[in-house]
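The values are calculated or read from the model by the stated rules, or taken from the named source; none is laboratory data. Everything quoted here is computed from the prediction, not taken from an experiment. Cβ placement follows ideal geometry from the backbone for every residue including glycine, while neighbour counts extend to all protein chains displayed. The protein model used for the area step is the full one, side chains on, heavy atoms only, and it has no ligands, DNA or RNA in it. Shrake-Rupley method; radii C 1.70, N 1.55, O 1.52, S 1.80 Å.
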Amino acid sequence: MESVSFPLTAKFAHPRSFPTRFLPAVHAMASSYRNRFPYRPLPQSYSLPWMPSTYYKTAAFKTTLAPFSKSSQGIAAGEKLPSIYDRATVFTQYTPEDWYKSNQTNYKEAETSQKNAERLTVDTSLLIDDKYQQTRKTQVESTKNLGVRANDIAFWKSELCRELDEMIGETNTLTDVKSRLERALMELEAPLQVAQECLLHREKRMGIDLVHDDVEKQLFAEVDVIRSCQEKMQQFLEKAKGQLESNWAAQHKLEKDLANKQVAHRIDDKCHHLMNTSQGIGYYRGVEQIDATVSVPESWTKFTNDNILLSQSKRAASAKMRDDIENLLVSAANETWQQFNTVNVAFTNRIAETTDAKRKIQTHLNKTLREIFQIEKNIEDIKKAIRDQGPPLKVAQTRLDERTRRPNMELCRDPAQLRLVNEVHDISQTVQTLQQQLRDSEVTLQALVHAKSVLQHDLAVKANSLFIDQEKCMGMRKTFPSTTRLLAPS
């Protein structure tokens with residue numbers, strides 16, 4: 001029989017066993033931090049306050065009873081007590097007072113335990129509510145911060161998109177202007193070749209027409225102007241290529257930054273909309289100890305702002321480059337066109353001068369031919385006149401010869417004799433005069449023939465010069481590119 005002084009301990013008074021870990025095992029979760037840090041179990045202080053290891057200790061208590069009487073203390077364990085029926089009186093251990101006091105003590109201890117339990121329940125409820133509110137407040141603040149962060153990323157995304165669109169537009173515009181510059185540079189090859197061919201053709205002029213005239217000076221000036229424009233265009237073309245590379249580099253930085261912000265915005269937006277009931281949430285032990293950040297809000301903002309400022313500076317330089325190229329195209333077109341007109345005017349004036357010279361040469365040639373005809377006729381007349389003096393001279397000389405045969409005193413120096421002598425002298429003088437005139441006429445005729453030859457050669461030279469300047473050179477210069485072609489868009 002069990003002794004009444006040692007009651008059995010209640011089953012709920014024994015401490016319940018509880019798991020040492022309140023989170024699932026790391027190997028059961030798909031985490032990006034797996035195998036990166038060693039597993040360290042949480043210390044005992046991390047246990048939740050509702051675990052029974054603390055509060056169930058008060059349920060294991062021992063009831064305090066009155067001590068045994070001295071008469072019963074000497075009985076051995078193996079001895080058998082005498083039967084109650086063999087004794088004259090009933091053996092008792094406690095008095096009614098002891099029983100009453102024991103009940104009162106148990107009542108007070110139970111009431112104390114109940115009050116402690118009630119107070120602990122209230123404190124636990126308050127603690128749970130407080131921690132729940134604190135956790136909820138922390139989560140709300142985290143959600144708010146994630147929302148603000150997502151808005152910041154969205155703002156910078158919009159700024160990056162706007163700047164990227166403007167940079168792409170500027171790059172495309174500069175590419176078009178660069179194409180126009182390349183086409184204008186190619187267009188100047190034709191007028192340069194025309195000017196050089198004009199110089200080569202004019203080297204085929206003959207004689208006196210190989211003169212360093214104003215046309216040749218203006219042609220050399222035209223070659224210099226075109227080559228100068230080509231050099232400037234080539235320099236700006238190289239600068240445009242470098243500016244395009246700078247634009248592409250800035251555009252690449254913007255695109256990379258925008259792509260990173262799109263990923264970050266998607267992640268932060270997903271985190272912002274995560275709730276306690278969302279799918280895919282889980283434990284990632286030790287993730288709070290990992291600091292993989294490489295920037296702070298100030299440096300993060302400065303990085304994107306620097307990219308935008310760099311893009312804006314490159315875009316401003318690109319716009320200035322476009323304006324410079326436009327001005328160069330306009331100035332090159334004006335200079336080449338103005339020099340083209342100057343050369344054409346010089347050609348026109350030179351052609352007019354050559355035409356006038358040719359006309360005058362033709363006039364003089366006609367006059368020379370007429371004079372040659374007259375001189376030749378005059379020579380024939382002189383020769384005829386000389387021939388006509390022959391018979392009278394023969395008659396006079398024959399008379400004088402016959403009169404020399406007069407006899408003796410008949411050989412008189414009479415007036416007839418004197419007149420015949422004078423007649424012979426006069427006719428001889430006339431023949432000499434006519435012969436001198438004939439020689440002079442023949443010399444004049446030779447001079448006229450030489451002049452005719454010179455005039456004919458000069459006329460051929462002028463005709464050749466006119467053919468070169470008017471037909472070949474001016475014919476080629478009709479293909480000179482106009483200002484519209486140099487400034488035409490793509």
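Laid out as a table, the results:
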{"item": "Shape category assigned to the range 349-485 from the gyration tensor of Cα positions, a/c cut at 1.5", "result": "prolate"}
{"item": "Of LYS157/LYS320; LYS367/LYS472; LYS178/LYS232; LYS253/LYS320, those spanning more than 20 Å from alpha-carbon to alpha-carbon", "result": "LYS157/LYS320; LYS367/LYS472; LYS253/LYS320"}
{"item": "Karplus (6.51, -1.76, 1.60) ³J(HN,Hα), θ = phi - 60°, over the range 214-230, in Hz, Gly and Pro reported as x", "result": "5, 4, 5, 4, 5, 5, 4, 4, 5, 4, 5, 5, 5, 5, 5, 5, 5"}
{"item": "Accessible-area composition of the range 175-331, carbon plus sulfur, in percent [1.4 Å probe]", "result": "56"}
{"item": "Estimated FRET transfer efficiency when R0 is 30 angstrom, pair ASN260-LYS320 (beta carbons, to 0.05)", "result": "0.50"}
{"item": "19 Å Cα-Cα reach of LYS239 towards aspartates and glutamates, excluding residues that sit fewer than 8 places from it in its own chain", "result": "GLU170, ASP176, GLU182, GLU231, ASP323, ASP324, GLU326"}
{"item": "The range 393-436-the range 184-213 distance, computed between alpha-carbon centres (Å)", "result": "77"}
{"item": "Cα-projected label distance for ASN103 with THR293, points at 7 Å along beta-carbon direction, nm", "result": "6.9"}
{"item": "Label-reachable residues, the range 168-211, where backbone N falls under 20 Å from a point 7 Å from ASN341's Cα toward its Cβ", "result": "188, 191-192, 195"}
{"item": "Cβ-Cβ FRET estimate between HIS212 and GLN435, R0 fixed at 56 Å, reported to 0.05", "result": "0.65"}
{"item": "For the range 349-485: accessible area per residue (Å², 1.4 Å)", "result": "66"}
{"item": "Cα-projected label distance for CYS161 with GLN279, points at 7 Å along beta-carbon direction, nm", "result": "2.8"}
{"item": "Carbon/sulfur fraction of accessible area - the range 349-485, other protein chains in place, 1.4 Å, %", "result": "54"}
{"item": "The range 231-313: C-alpha gyration tensor shape, a/c 1.5 cut-off, then a/b vs b/c", "result": "prolate"}
{"item": "Accessible surface, per residue, of the range 110-229 when the full set of protein chains is kept, probe 1.4 Å, Å²", "result": "60"}
{"item": "Full-stretch length increase - LYS472, GLN134 - with 0.36 nm per residue and alpha-carbon distance subtracted", "result": "111.8 nm"}
{"item": "Average Cα contact separation per residue, the range 379-451, under 8 Å, 6 or more apart, as relative contact order %", "result": "50"}
{"item": "Efficiency of FRET between TRP248 and HIS201 - r from beta-carbon atoms, R0 45 angstrom, step 0.05", "result": "0.40"}
{"item": "Percent RCO, i.e. relative contact order, over the range 349-485, from Cα pairs under 8 Å lying at least 6 residues apart", "result": "47"}
